[in-house]
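Any read-out appearing in this document is the output of simple, stated calculations on the displayed coordinates, not a laboratory observation. None of these values were measured; they are calculated from a predicted model. Virtual Cβ from ideal backbone geometry, glycine too; neighbours counted across all protein chains shown.
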Amino acid sequence: MAGTFNTIHLIRQVDLFTLKLFLTVVEEGQVGRAAARENIAASAATKRIQDLEEIVGAQLFERNPRGVVPTAAGLVFARHVSGIFGTFEDIRRDFAEFTEGVRGTIRVCSTGGIISLYLAREIAEFARGFPLVDIDLREGINNEVVRALAAGEVDVAVFVDAPGTPGLDEIETQPYRVDRLMAVVARGHALAEREHVKVTELLEHNLIGIAPSTNLMGLVRKAAADAGVEFTPKYNVNSVYAAAGLVRVNQGVTIQPENMLSAKDLDWVTTVPLDEPWAQRRLMVGTKRGRSLTVAARNFAAQLLARMP
């Protein structure tokens with residue numbers, strides 16, 4: 001049965017139903033059950049599988065008393081045939097959106113800070129242009145956002161570019177924006193008039209911790225360790241808003257992205273540029289490597305990428 005695989009021969013002599021039947025046999029492990037699922041006689045199904053093996057020039061199944069098991073060649077062929085039917089499903093989904101209007105659900109994930117600063121407005125603008133599309137928005141810390149995207153749990157993610165984050169090799173990324181981390185101190189504070197400040201100086205003034213598992217706090221802990229300083233914050237909170245509230249009443253200092261503070265906050269606090277190599281952050285738009293996006297998701301990603309200066 002062994003022979004040279006001929007693509008033209010395969011295209012001309014094998015129909016899509018036979019390929020679908022082949023995948024069903026792989027799933028069921030029995031030709032009879034697969035034939036019943038595909039509404040074809042067992043003898044006809046057996047003949048189609050035998051003809052397919054002749055055409056591809058390789059044995060696709062090992063026969064045993066309980067049924068059939070795919071050979072190594074059969075497993076490879078099944079992987080490629082599954083990809084073909086996956087492409088057909090992408091075509092069906094995309095054409096449904098063209099013929100019925102762009103609709104569906106986009107799964108989006110990002111950090112709370114990025115959502116507050118940027119994505120909330122992006123989503124509102126997108127909703128006006130695509131009213132039939134629902135956005136399933138999830139929030140997580142940076143590592144969780146990357147993990148969810150790498151695992152295929154979401155379609156589009158926006159996150160801080162942090163080299164070494166697990167899962168980045170599974171993701172296609174493009175630049176979205178650049179922002180900067182700032183020290184936030186109360187007006188009249190000893191650091192308020194400084195042109196810039198380092199993390200080690202903030203540690204001397206009760207640096208308020210924000211969500212210990214975040215990428216930001218990891219960088220702060222590393223900076224403290226490199227300087228031989230112990231980082232034991234008096235307060236640990238889960239949001240930049242809670243941290244800013246504590247700064248307002250002179251309970252410490254904090255770090256957060258610029259433009260995070262409201263005009264009302266700036267009556268009580270001020271920002272000082274953070275003098276650290278990681279203070280300027282690149283925000284990225286990510287999609288799962290090798291996965292086809294829906295028309296709706298492609299439009300959303302294109303809107304985000306149009307914002308890059």
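Among residues other than R138 whose Cβ falls under 14 Å from its Cβ, what is the net charge (Lys/Arg +1, Asp/Glu -1)?
Values: positive: R107, R147; negative: D134, D136, E139, E144, E153, D155.
That sum, taken over residues with Cβ under 14 Å, equals -4.
With each label point set 7 Å from Cα along the Cα-Cβ vector, what nm distance links V229 and A41?
For V229 paired with A41, the spin-label model returns 8.4 nm.
Return a whole-number percent for the relative contact order of the chain, with Cα pairs under 8 Å and 6 or more residues apart as the contact set. Walk me through the numbers on the way to the answer.
On the way: 465 pairs, mean separation 61.2, N = 309.
Reported as a whole number, the value is 20 percent.
Can you tell me the convex hull volume per residue for the chain, based on C-alpha atoms, in Å³ to the nearest whole number? Kindly include the intermediate steps, with their values, before the conclusion.
Numbers: hull volume 62.0 nm³, N = 309.
Expressed per residue, the convex hull around the Cα atoms of the chain is 201 Å³.
Using the beta-carbon distance between L16 and L75 and R0 = 22 Å, what value does 1/(1 + (r/R0)^6) give for FRET efficiency, to the nearest 0.05?
0.65
In whole Å, how far is the Cα centre of region 1-60 from that of region 178-245?
Comparing the Cα centres of region 1-60 and region 178-245, I get a distance of 64 Å.
Tell me, what is the Rg over Rh of region 96-202, with Rh the Kirkwood radius over Cα pairs?
Working: Rg = 18.3 Å, Rh = 16.5 Å.
That ratio is 1.11, to two decimals.
Using a 7 Å offset from the Cα along the Cα-to-Cβ direction at both R194 and R33, what is the distance between the two label points in nm, to one decimal?
So the label points at R194 and R33 sit 6.8 nm apart.
Going from the alpha-carbon gyration tensor of region 7-99, what semi-axes, largest first and in whole Å, does one get by taking the root of 5 times each eigenvalue? List each step's numbers first, then the result.
Values: eigenvalues 119, 48, 32 Å².
For region 7-99, the semi-axes come out at 24, 16, 13 Å.
Along the three principal axes, how long is region 226-309 when you take its alpha carbons, biggest first, rounded to the nearest angstrom?
50, 36, 24
Share of antiparallel DSSP beta bridges in region 178-279, in percent to the nearest 5?
Working: 9 of 13 bridges.
For region 178-279, the DSSP antiparallel bridge percentage is about 70.
Which lysines, on any chain, are close to K222 with Cα under 24 Å apart, when same-chain ones fewer than 8 places away are left out?
K198, K234
Given charges of +1 on the Cβ of Lys and Arg and -1 on the Cβ of Asp and Glu, with all other atoms neutral, how large is the dipole of the chain about its Cα centre, in debye to the nearest 20?
On the way: 34 positive and 37 negative charges, 83 e Å.
Magnitude of the dipole: close to 400 debye.
Among R128, R282, R177, which one shows the highest mean-square fluctuation when the chain is modelled as a Gaussian network with alpha-carbon springs under 10 Å?
Most flexible of the set in this elastic network: R128.
Taking every DSSP beta bridge with both residues inside region 47-197, roughly what % is antiparallel (nearest 5)?
On the way: 4 of 14 bridges.
So the antiparallel bridges in region 47-197 amount to around 30 percent.
Can you give the charge dipole size of region 193-309 about its Cα centre, rounded to the nearest 20 debye, using +1 on the beta carbon of Lys and Arg and -1 on the beta carbon of Asp and Glu? Before the final figure, lay out each step's value.
Details: 14 positive and 11 negative charges, 194 e Å.
Dipole magnitude for region 193-309 comes out near 940 debye.
Could you sort 28-39, 207-218, 71-82 so that the peptide with the highest average Cβ count within 10 Å comes first and the rest follow in order? Walk me through the numbers before you get to the answer.
Details: 28-39: 16.7, 207-218: 19.8, 71-82: 14.9.
Per-residue Cβ counts within 10 Å, averaged per peptide and sorted highest first, yield 207-218, 28-39, 71-82.
Restricting to bridges with both residues inside the chain, how much of the DSSP beta-bridge set is antiparallel, in percent to the nearest 5? All intermediate terms of the calculation are to be shown ahead of the outcome.
Working: 27 of 41 bridges.
Antiparallel bridges: around 65 percent, rounded to the nearest 5.
What is the local net charge at R107, summed over the other residues whose Cβ is closer than 12 Å to its Cβ (Lys, Arg +1; Asp, Glu -1)?
Details: positive: R138, K288, R291; negative: D134, D136, E153, D155.
Charge balance near R107 sits at -1.
List the residues of region 41-82 whose backbone N lies under 19 Å from a point placed 7 Å from the Cα of T7 along the Cα-to-Cβ direction.
The answer is 55-58, 76-82.
Take the Cα coordinates of region 178-279, assign each an equal point scatterer, and use the Debye formula without solvent to give log10 I(q)/I(0) at q = 0.17, 0.18, 0.21 Å⁻¹.
Debye curve over Cα of region 178-279, log10 I(q)/I(0) at q = 0.17, 0.18, 0.21 Å⁻¹: -0.68, -0.77, -1.09.
Tell me what the chain gives for mean residue ellipticity at 222 nm when only DSSP H runs of n ≥ 4 count, each as -39,500 (n - 2.57), the sum divided by the residue total, rounded to 500 deg cm²/dmol. Walk me through the numbers on the way to the answer.
Numbers: 11 runs with 127 residues, N = 309.
The helix-only estimate for the chain comes to -12500 deg cm²/dmol at 222 nm.
What is the sum of charges, Lys and Arg at +1 and Asp and Glu at -1, for the other residues whose Cβ falls under 10 Å from the Cβ of V156? It would help to have the intermediate numbers written out before the result.
Numbers: positive: R107, K288, R298; negative: D155.
After counting each charged neighbour, the total is +2.
Rounded to the nearest 0.05, what FRET efficiency do L132 and S82 give with R0 = 25 Å and r taken as the Cβ-Cβ distance? Could you check? Each step should come with its number before you reach the end.
Working: r = 30 Å, r/R0 = 1.20.
Plugging the Cβ-Cβ distance into 1/(1 + (r/R0)^6) gives 0.25.
Rounded to the nearest whole Å³, what is the per residue volume of the convex hull around the Cα atoms of region 191-239?
Details: hull volume 4.2 nm³, N = 49.
In region 191-239, the Cα convex hull volume per residue is 85 Å³.
Given R₀ = 22 Å, FRET efficiency for I91-A302 by Cβ-Cβ distance, to 0.05? Let's see the in-between values first.
Numbers: r = 20 Å, r/R0 = 0.91.
Approximately 0.65, to the nearest 0.05.
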